[in-house]
Amino acid sequence: MSDPIVDVLVTVPLLSGLSRPQLERVASDFDEQTLPAGTVLIRQGDDHGTGFFILAEGEVIVTVDGRDVDRLGPGTYFGEIALISDRKRTATVIAATEVRCLVMLLSDFRAFVRSDPDVTWKLLEHVDMLSIRDKA
């Protein structure tokens, strides 16, 4: 039987290197939330990253310094920078419509990564690929 959270997680590039059993383990750390339009999910400049969000339904608007820079839909994710660094939030993300998202708290993510060195390595490889892409 298929787990709907795992089915969403397999589509997330950050997690794409993980095996099905690893995804099944991490799936239990995600909470599903439905939030109304207008809800601020992430605020630019905040010190405390709530965690990592995967958008399952609906749309969000991403703003930087008050300017709309992107609109994200189902299957996209945001907040991953807070999982791997202690930097302040780099954008504000607001629900444009009612959204259903999967949310993982920073503490749960760090516990998952610490539990399995193979997971840590796979995530580091993905982060390295992101840094190469951003420099191109």
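Annotations for the structure displayed:
- Criterion (of a type in the set (Asp, Glu) and either more than 12 Å from the chain's Cα centre (by Cα) or over 23 Å from GLU125 (Cβ atoms) (or both)) met by exactly one of GLU80, GLU24: GLU24
- Leading residue by the ranking (modelled with the lowest pLDDT) among those in segment 101-112 that are surrounded by fewer than 18 Cβ atoms within 10 Å (Cβ to Cβ) and either over 13 Å from the mean Cα position of the chain (by Cα) or over 25 Å from THR34 (Cβ atoms) (or both): ARG110
- The residues in segment 63-88 that are farther than 19 Å from PRO13 by Cα and at pLDDT 85 or above can be counted, and the count is 7.
- For first residues located in segment 62-75 and touching a residue at least 60 places away in the same chain (Cβ under 8 Å), partners that are in a loop (DSSP other than H, G, I, E, B) and lie 6+ apart or on another chain with Cβ distances below 7 Å form the pairs GLY75/THR11.
- Identity of the residue in segment 28-60, in a loop (DSSP other than H, G, I, E, B) and of a type in the set (Gly, Ala, Ser), that ends up nearest to LEU106 (Cα to Cα): GLY49
- The set of residues in segment 11-27 being surrounded by 13 or more Cβ atoms within 10 Å (Cβ to Cβ) and assigned to a loop (DSSP other than H, G, I, E, B) consists of THR11, VAL12, GLY17, LEU18.
- Scanning segment 10-27 for residues that are polar (S, T, N, Q) and modelled with pLDDT of 85 or more gives SER19, GLN22.
The values are calculated or read from the model by the stated rules, or taken from the named source; none is laboratory data. Values in this document were obtained by computation on a predicted structure and should not be read as measured data. Every residue, glycine among them, receives a Cβ derived from its backbone with ideal geometry; neighbour counts consider all protein chains shown.
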